[in-house]
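A.B. asks: Handing you this structure, nothing more for now.
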Amino acid sequence: MKRTGTRFRPRLAANHYDAIVIGSGIGGLTTAALLSKLGKRVCVLEQHYTAGGYTHSYEREGYEWDVGVHYIGEVHKPWSMIRRVFDVISDGKLEWAPMDAHYDRIVIGEQSYDYVAGRDEFKAEMKRHFPAEAVAIDRYVELLSEVSARVPRFFAGQALPRSLGMLYARLRRLWLPAYFFKSTREVLEGLTSNQELIGVLTAQWGDYGLPPAQAAFVMHAMVAKHYITGGNYPVGGAIRISETIIPLIEAAGGNVFTYAGVDKILVENGRAVGVRLHKDGFEIRAPQIVSCAGLVPTYTRLLEPQVAEAHGLLAPLKQVELSAATLCLYAGFKGSAAELGLPKTNYWVYPSHDHDHNVSSFESGQNPAMPLIYISFPSAKDPSWDAHYPHKATVEIVAPTLPQWFAQWKGSTWGKRGADYEAFKAQLTEQLLETLYRHQPQLRSALDFCELATPLSTEWFQWNEQGEIYGIDHTVQRFDQHWIHSQTPIKGLYLTGADTVTAGVGGALMAGVLTATRMLGWRGYKVGKLLKDWKPAMPAGEAAQVAG
């Protein structure tokens, strides 16, 4: 089984860390790596058997799957900020492979639409389907770029001291366009009345978990802009993300420990001073503590109730909702991706173009059809796959679900939930596989292994509340919560990860940048300088030529 990080042993922990990071998701690893680059000694604590959060991989029956990384945009552009951050925190060792030019295929009923890489190419493909909507399509793509250009100003308050950051968040309506504070449906209905077009343009809503009437347009625009020039996949699979970052943390004298679940954050005289682990109550201390465990779990589970209440952390939680829970089917097939004819394209399958109705009718029980089924072909995307797993291929299928479906088994032990649970999983598995076979019928006879993860699996391994995969929901109201900040009211305690910026690898990555900047105080400019000054190391062959 592939693992990253070092299994925790008390004797391995140092007693003079500069910072402790709870959770090894990409937000936590980014924070730790940037601090390490600037001379800090950081301890990262992960309760799972491997580091990486939603960027980790797991093996079963001779196959390997990624649990959360399906594709990443903009890393194929060396000048992009997301690529620059990845390069800095991995010392340039993380490589990327492009997907097919038509990186997403949208299937609505019997009709298919492709998202094609490149702004002009995307617009041309949309206009081919909707020739009367050319003006709306052009304006939509312009809006994506406008939002992207202003996003740094939208989140800049996260790098400021908490009081200034909260004031900044209150005032940003004064200098940002009104569409930053509207739902996706509101904005798109201002461009077109064609509901089918709106359904096609918002078909990536599964990337952030909310249909257009509920989702903040700023969230939708960030995702759509992120991918519009194409999708990419880490060479070697998602596990390469943590594999390339952890050595940098360790080289600075830090550690990344697994099997190191944190029971409580220690707060003394109003200041966070360390953590107590589940394992034998062992304590580790440091002057700065960072939680990448999520906003709600941090405030309700990692802090003593009286501490959280005294600092006013619990009441505001009523203003946010937890995001969607999902099913994820991990399937293995006999035959390579090439032999089976698998694409590098993601499939998004919907019953109709009205995503809001599909979701509401599903949640209310009026319609049993899943409002979205997403299909990814990771072994086809990874150019190094065949060298490690010859004549094998993998598929991942993700679909929204309802936590209440699994309530009777909540609190039970993973792998020991009984025959009824397994029977229910088998029923759901069959439904997801049939959707796959409709689009890739050649796979029906090649299935070798499959395993379904439910919200209970997500709770068990990711330590969240009800299997939510995107932290708190990305509504307009969520982005208007001025109290959500990388610096908490408790001195020395910080937050990082998706809940401080946005869901997705890119959002959590940038949260790590902003949190590290805030933690350094007036020296925070050093993070920006680190990113600005980054230059990739010269390959050994080129260096030898120069030296000669």
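The values are calculated or read from the model by the stated rules, or taken from the named source; none is laboratory data. Remember, it's a predicted structure, so these values are computed and weren't measured experimentally. FYI the Cβ positions are ideal-geometry reconstructions off the backbone, even for glycines, and counts take in every protein chain you see. Side chains are part of the model used for accessible areas, which takes the heavy atoms of the whole protein and leaves out ligands, DNA and RNA. Shrake-Rupley method; radii C 1.70, N 1.55, O 1.52, S 1.80 Å.
A.B. asks: Looking at the range 22-66, what strands (runs of 3 or more DSSP E) fall wholly within it and have at least 3 residues that are closer than 20 Å to Arg84 by Cβ and at pLDDT below 95?
C.D. replies: Numbers: elements: 42-45, 57-60, 63-66.
Ranges flagged: none.
A.B. asks: Just checking, how many residues over the range 173-194 are in contact (Cβ under 8 Å) with a residue 24 or more places away in the chain and open to solvent by less than 70 Å² (accessible area, probe 1.4 Å)? Give the steps one after another, and end with the answer.
C.D. replies: Step one: list which residues in the range 173-194 are in contact (Cβ under 8 Å) with a residue 24 or more places away in the chain, which gives 176-177, 179-188, 191-192, 194.
Still in the running and open to solvent by less than 70 Å² (accessible area, probe 1.4 Å): 176-177, 179-181, 183-185, 187-188, 191-192, 194.
Final tally of qualifying residues: 13.
A.B. asks: Here are some conditions: (1) more than 21 Å from Leu314 (Cα to Cα); (2) open to solvent by less than 40 Å² (accessible area, probe 1.4 Å). Phe461 meets all but one. Which one does it not meet?
C.D. replies: Going through the list (1) more than 21 Å from Leu314 (Cα to Cα); (2) open to solvent by less than 40 Å² (accessible area, probe 1.4 Å), Phe461 breaks only (2).
A.B. asks: Would you say Val398 is under 20 Å from the mean Cα position of the chain (by Cα) and either within 22 Å of Ile106 (Cβ to Cβ) or not aliphatic (A, V, I, L, M) (or both)?
C.D. replies: Yes: the conditions hold for Val398.
A.B. asks: Report those helices (runs of 4 or more DSSP H) wholly inside the range 338-401 carrying at least 2 residues which are surrounded by fewer than 20 Cβ atoms within 10 Å (Cβ to Cβ).
C.D. replies: 355-364, 385-388
A.B. asks: For the range 247-261, what are the residues that are open to solvent by 10 Å² or more (accessible area, probe 1.4 Å) and aliphatic (A, V, I, L, M)?
C.D. replies: Leu248, Ala251, Ala252
A.B. asks: Follow-up. Is it the case that Ser57 is closer than 30 Å to Leu277 by Cα, open to solvent by less than 40 Å² (accessible area, probe 1.4 Å) and in contact with an Asp or Glu (Cβ under 6 Å, 6 or more places away or on another chain)?
C.D. replies: In short, yes.
A.B. asks: Could you look through the range 290-331, keep only residues that are over 14 Å from Ile484 (Cβ atoms) and β-branched (Val, Ile, Thr), and pick out the one that is nearest to the chain's Cα centre (by Cα)?
C.D. replies: Selected residue: Thr326.
A.B. asks: Could I ask something else about it? Could you go through the range 197-204 and let me know if any residue there is under 24 Å from Met81 (Cβ atoms) and open to solvent by less than 10 Å² (accessible area, probe 1.4 Å). Let's see the steps before the verdict.
C.D. replies: Filtering the range 197-204 down to residues under 24 Å from Met81 (Cβ atoms) leaves 204.
Filter again for open to solvent by less than 10 Å² (accessible area, probe 1.4 Å), leaving 204.
Yes, the range 197-204 contains a residue that is under 24 Å from Met81 (Cβ atoms) and open to solvent by less than 10 Å² (accessible area, probe 1.4 Å).
A.B. asks: I've got another one for you. Using the structure shown, decide if Ala308 is more than 13 Å from Cys43 (Cα to Cα), in contact with a Phe, Trp or Tyr (Cβ under 6 Å, 6 or more places away or on another chain) and surrounded by 19 or more Cβ atoms within 10 Å (Cβ to Cβ).
C.D. replies: Criteria met by Ala308.
A.B. asks: Ok, one more. If you check Lys127, Lys225, which single one turns out to be at pLDDT 95 or above, surrounded by fewer than 18 Cβ atoms within 10 Å (Cβ to Cβ), of a type in the set (Lys, Arg) and more than 30 Å from Ile490 (Cα to Cα)?
C.D. replies: Lys127
A.B. asks: While we're on this one: So, Lys318, is that one buried (at least 16 other Cβ atoms within 10 Å of the Cβ), outside any strand (DSSP E or B) and of a type in the set (D, E, K, R) or not? If you could, list the steps in order and put the result at the bottom.
C.D. replies: Values: buried (at least 16 other Cβ atoms within 10 Å of the Cβ): no; outside any strand (DSSP E or B): yes; of a type in the set (D, E, K, R): yes.
So Lys318 fails the test.
A.B. asks: Considering each residue of the range 72-99, count those that are closer than 21 Å to Ala51 by Cα, open to solvent by 10 Å² or more (accessible area, probe 1.4 Å) and outside any helix (DSSP H, G or I), and give that number.
C.D. replies: Of the residues in the range 72-99, 5 are closer than 21 Å to Ala51 by Cα, open to solvent by 10 Å² or more (accessible area, probe 1.4 Å) and outside any helix (DSSP H, G or I).
A.B. asks: Separate question: Can you list the helices (runs of 4 or more DSSP H) lying wholly within the range 141-217 that have 3 or more residues being under 26 Å from His353 (Cβ atoms)?
C.D. replies: Here the list reads 184-189, 195-201.
A.B. asks: Looking at Ile106, Ile137, which is the one that is under 15 Å from Leu191 (Cα atoms) and open to solvent by less than 10 Å² (accessible area, probe 1.4 Å)? Please lay out each step first, then the result.
C.D. replies: On the way: Ile106 fails: under 15 Å from Leu191 (Cα atoms).
Residue meeting the stated conditions: Ile137.
A.B. asks: Based on this model, can you work out whether Lys410 counts as touching a Leu at 6+ places or on another chain (Cβ under 6 Å) and of a type in the set (Lys, Arg)? Don't jump to the end; show me each part of the working.
C.D. replies: On the way: touching a Leu at 6+ places or on another chain (Cβ under 6 Å): no; of a type in the set (Lys, Arg): yes.
No: the conditions fail for Lys410.
A.B. asks: Within the range 264-289, track down each residue that is within 21 Å of Thr496 (Cβ to Cβ), open to solvent by 60 Å² or more (accessible area, probe 1.4 Å) and assigned to a strand (DSSP E or B).
C.D. replies: Arg271, Arg276, Arg285
A.B. asks: Out of (1) open to solvent by 40 Å² or more (accessible area, probe 1.4 Å); (2) over 30 Å from Thr298 (Cα atoms), the odd one out for Lys425 is which?
C.D. replies: The one condition Lys425 does not meet is (1).
A.B. asks: Select from the range 205-221 the residues that are open to solvent by 10 Å² or more (accessible area, probe 1.4 Å) and either in contact with a Lys or Arg (Cβ under 8 Å, 6 or more places away or on another chain) or farther than 21 Å from Ile72 by Cβ (or both) and list them in ascending order.
C.D. replies: Passing the criteria: Ala213, Gln214.
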